Structure formats: structure tokens, C-alpha cells
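One structure is given here, and the rest of the page talks about it.
Read-outs throughout are calculated quantities, based only on the coordinates presented, and are distinct from any laboratory measurement. None of these values were measured; they are calculated from a predicted model. Here Cβ is always computed from backbone atoms with ideal geometry, including for glycine, and neighbour counts include all displayed protein chains.
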Amino acid sequence: MRKLPIYFLIDVSESMVGEQIQYVEDGMATIIKALKQDPYAIETAWVSILIFAGQAKTLVPLQELVNFYPPKFPIGGGTSLSRGLGHLMFELRKNTVKTTLERKGDWKPIVFLFTDGVPTDDARTAIEEWKKNWSNTANLVAISFGDQTDATILSELTEHVLYFNNASEQDYKKFFKWITDSIKTSSISVENNASGFELAEIDNDTIQKIDLTKHNHPAAYHDNNYVVLTAKCQNSKRPYLMKYRKFIEPSGFSGLETRAYRLVGGFQIDNSYFELSDESQIDTKINSDELIGSPACPCCGNQYGFALCRCGKIHCIGHEEVSTCPWCNSQGSYGFGDGSFDVNRALG
Ligand SMILES: [Zn+2]
Ligand SMILES: [Zn+2]
């Protein structure tokens, strides 16, 4: 039986923390459930889930739908598109059965790439390798979550670059239905010995094809829609993230718009965060004046999730007299100053 390999290459960088990663997790579970009930897909489709942040890894190896159980998604630091692509090509090389004189190989693999931000590294080499070795032997659909992805980079990988307006839970439901339908129509196409790649029809409110003639090119390797700060709980020693979303304040007296970031929430994460993060993080700072709101600790409930140790790292504090930094173990007591300070932000 010739299989139709379907790969998901999913960005799990910090800006996805919270609702978004939960919707993706639920969405992937819905896709698998629906495909298991589809007579064509269950015959031909094999699915794998790969994730990338600062590092990339295989979350679920390529397998038949019957045995497929939807995974939990971790979060990592950074958006290394080059490592994501590199890992995808490694998996493709490893798994794809090529056509030989004796037998028909696999159908052309279909790759759905989801990304929500600007790569935090230079992906040129990986993109060149993709173009040279894989652009003709795999079908890639690149989907930009939110409106500030670098579509120019994605358009070098494929002509199928889509914009997904991920505003609400309802949008996510529609989006994952579209993915499911696309896999179903592709499985039917395989059955009819056609190309094996048929995207379902697009509903323009939720998913749009990006007009690649209008190039927009964010200059810096940094994701500016969100500020995400990494912290550790003093009591549980577990990491958590504090996520802020950008908003532009209307001009005041000066006539200038001001940029600030408003708290979305604090989110507990597990230690796999560090495995998925890029060690060589660029040292980028943000001033606390630009950040509005601070969460309670999502791990232990301490009232203040945002205390800055002299080591430069963030942890939670409660009513204890002497606090111990879970990063560097130094002890100190905190007063509440009103001065602003600079903190290191994660890459997103
Ligand atoms: Zn805590
Ligand atoms: Zn410290």
C-alpha cells in the first residue's frame, strides 16, 4: 500500500503560549479523530507532528492513523525556522519510500507549516536546501498565524502561503476543519491516482491566500507582537512565562504614538522549555515602563510573579522576609521601588 505522508511542522515558540497552543492542541486532536473516521484517509494517510522553537524535535513520528494519539504540545524559546526546516528534511529523508523499478514509492508528502512570527535566526541556508532537494518532491503549505509573519521568507519555500486570521476559538475550529478537508480531498485524489494534493476550498474570512506580489519584510530577527518573559517559581522551581501583547496608545500631547505591552497572563510551562530553546539567545532588553500589568505566580499562587533578581532573572515572591532566587540561589529581600528597569526578553 502506497502511503500519503502528512507532516505538521508547528511553531511552538513563546508567543504561542496560552490559548493559542491550547487551540492548536485541540485542533490536532480534532483532525486525527475526523481522519480516523474517513474511509479514504484511514487507508492512505500517515501523520507525523514535528515542532520547532529555538530547537526542533519530533513530537509524533510518522505513523498510521489507527495508532495515532494526539500529543500534548510543549513551548520553547525562539523561532528557529532553519532548525525546523532542517529537522523536517531529516525526517523526510529518513521516512520517504522512493519509487524504484520494483515498486511504487510513497505519494508526495504534504507538509503543513504553521508559524506565528518572524524567524529569530537566518533561514537562508535551510531554504536553499529545501528548494534544491525537496520543493519538487514534497508539497508544502505555509500558514501564517496572525498578521506579522514574514511572508517573504515563506514565499521562498512554496507558492502556497496562506494567512490564518486566528482571532477566536471559532476561527481555529474553521481552520482545522479546512486542514481536515484538505487531507480528505488529497486522500481521495490518491485513490483516483491523481496528484495526491488537493487543498480544500478556502473560506476567505478565516483563511486567505497571501498576495505575494506585495512584499513586506520585517527588518529585525525579532517578534514584536508579543513580549514574553521567562521566570521561575521560587517555591516549585518550575518555569513559567509572562506574556504581553503589543498595543499602540493613541497620540497624546506630543503627537507621537507610544508602544506598550499589556499583560495577557502568566503560564506555567515544563522544563522541556529549556530543551526547545536556543542557548545562544540574543541579548534583547525591554524596559519595564513599556509593560503594563504583572501576573500572580501561575505555579504557586504567590501574589507577585515579577520580581527581578540581581542575576537578571525573574522569579515570584510572596510574603516571605528573605527570598531565594530559584535561578542563582542568592538571597535577598525585596522592597517595592517605583523606578523602571530593564529586563531580558525571550525571543518569541
Ligand atoms: Zn511561585
Ligand atoms: Zn538570581
key: FRET efficiency estimate (nearest 0.05) - Cβ-Cβ, T324 to K94, R0 35 angstrom   = 0.15
request  = Within the set of other residues whose C-beta is less than 12 Å from the C-beta of S82, count the net charge using Lys and Arg as +1 and Asp and Glu as -1.
outcome  = -3
remark   = Once the dipole of the chain is set up from charges on Cβ (+1 Lys and Arg, -1 Asp and Glu), the residue from the list M1, L59, T152 lying farthest towards its positive end is M1
remark   = Taking a crude spin-label model, label points 7 Å out from Cα along the C-beta direction, the L101 to E290 distance in nm is 6.3 nm
task = In vacuum, with every alpha carbon of the chain counted as one equal point scatterer, what does the Debye formula give for log10 I(q)/I(0) at q = 0.07, 0.13 Å⁻¹? Two decimals, please.
result = -0.33, -1.00
request  = Per DSSP H run of n ≥ 4, the term is -39500 (n - 2.57); total these for the chain, divide by its residue number, and report the mean residue ellipticity at 222 nm rounded to 500 deg cm²/dmol.
outcome  = -7500 deg cm²/dmol
request  = Enumerate the amide H contacts of A53 below 5 Å, restricted to partners 5 or more residues apart or on another chain; note that Pro and chain-start residues carry no placed amide H.
outcome  = V12, S80
Extension gain from D122 to A194, taking 0.36 nm per residue of separation minus the Cα-Cα distance = 22.3 nm
Stokes-Einstein diffusion coefficient of the range 4-209, Kirkwood radius over Cα pairs, 10 °C, 1.306 mPa s, in µm²/s = 93 µm²/s
key: Net +/- balance of residues flanking K177 in space, Cβ distance below 15 Å, scoring K and R +1, D and E -1   = -4
task = Could you tell me what fraction of 2.2 N^0.38 Å the Cα radius of gyration of the range 152-194 comes to, as a two-decimal ratio?
result = 1.48
task = Determine the shape class of the range 1-126: with a ≥ b ≥ c the square roots of the Cα gyration tensor eigenvalues, call it rounded for a/c under 1.5, and otherwise prolate if a/b is greater than b/c, oblate otherwise.
result = oblate
ask   = If the cut-off is a Cα-Cα distance under 30 Å, which lysines reach K104, setting aside same-chain residues fewer than 8 apart in sequence?
value = K3, K33, K36, K57, K94, K131, K132, K184
query = Between I42 and F247, how many nm apart are label points set 7 Å from Cα along the C-beta direction?
reply = 4.8 nm
message = Taking the Cα centre as origin and putting +1 on Lys and Arg beta-carbons and -1 on Asp and Glu beta-carbons, what dipole magnitude results for the range 4-209, to the nearest 20 debye?
response = 760 debye
key: Summed residue charge, Cβ within 12 Å of I32's Cβ, Lys/Arg positive, Asp/Glu negative   = -2
